[in-house]
1. Under a straight-distance cross-link criterion of Cα-Cα below 19 Å, which aspartates and glutamates are reachable from K139, leaving out those fewer than 8 residues away in the same chain?
2. Just to make sure I understand: if all protein chains stay in place, what is the order of I144, I52 by accessible area at 1.4 Å, largest first?
3. What translational diffusion coefficient, to the nearest whole µm²/s, does region 73-135 have by Stokes-Einstein, given a Kirkwood radius computed over alpha-carbon pairs, a temperature of 20 °C and 1.002 mPa s viscosity?
4. So what are the ³J(HN,Hα) numbers for region 125-142, from phi and the Karplus equation (6.51, -1.76, 1.60; θ = phi - 60°), rounded to whole Hz, Gly and Pro as x?
5. List the pairs from K84/K157; K43/K141; K43/K84; K43/K106; K95/K141; K80/K106 whose alpha-carbon separation is above 21 Å, in the order I gave them.
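The values are calculated or read from the model by the stated rules, or taken from the named source; none is laboratory data. Since we're looking at a predicted model, the values are computed, not measured. For the accessible areas, the whole protein counts, side chains as well, though only heavy atoms, and no ligand, DNA or RNA atoms are used. Shrake-Rupley method; radii C 1.70, N 1.55, O 1.52, S 1.80 Å.
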Amino acid sequence: MTDSTNSSRRQFMAGALMAAAGLTVAPHTIWAATPVSAAFDHKAMLDCLCDIVIPATDTPGAKGVNASAFVMKAAEHALKGAQKSDVDTFAVALKNYAGADFLSFKAERQFSLIEKLDAQVYDRAASASLPPALMLWQKIKSLILVAYYTSEVGASKELKYLLIPGQFKPDVPLSEEPKAWSNDWTGVKYE
């Protein structure tokens, strides 16, 4: 047998085993094999929020790496203090905040609503007047960021990776397209 035949068989067997276990794998994620709760009612809303927080550029955005599935799974496991019901609670609060179904608006209106909410949530004076359910935006946004930057795309294509940081250089030239650095310490506090 050729190597390509063996590779095809391994891929087929891995796919068959995953399908038998009820697992799906989204492209570009290192955590996508985790099944998501069947009660994932707000995937479209989360996908929209993911697209607003980290839109696609020359690399896939948060929606493209299926960050919404991670957000739901992370909430089920109380990552960053989130609760399983937080997404549902936030969805209702967002509908009330928007005055209509958030998904019924055009993309520009969705962006401006989230931009306004984001500014209010992170402003101490303005956040005091917001309902607690809207304050869940901090957790949801944080989980979207964790999801994206722990995905293969976020960790290896958006960030530069250096396992062991080199020496300190206080005066380095800036490049035209700077990238932030990623290393294994990023995920230590989430273990």
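1. D41, D47, D51, E76, D86, D88, E115, D118, D123, E191
2. Working: I144 0, I52 30 Å².
So, going from the largest accessible area down, we get I52, I144.
3. Details: Rh = 12.6 Å.
Estimated diffusion coefficient is 170 µm²/s.
4. Along region 125-142, the couplings run 5, 5, 5, 4, 8, 7, x, x, 5, 6, 5, 5, 4, 4, 5, 5, 5, 4 Hz.
5. On the way: K84/K157 30 Å; K43/K141 14 Å; K43/K84 14 Å; K43/K106 18 Å; K95/K141 17 Å; K80/K106 31 Å.
Pairs exceeding the cut-off: K84/K157; K80/K106.
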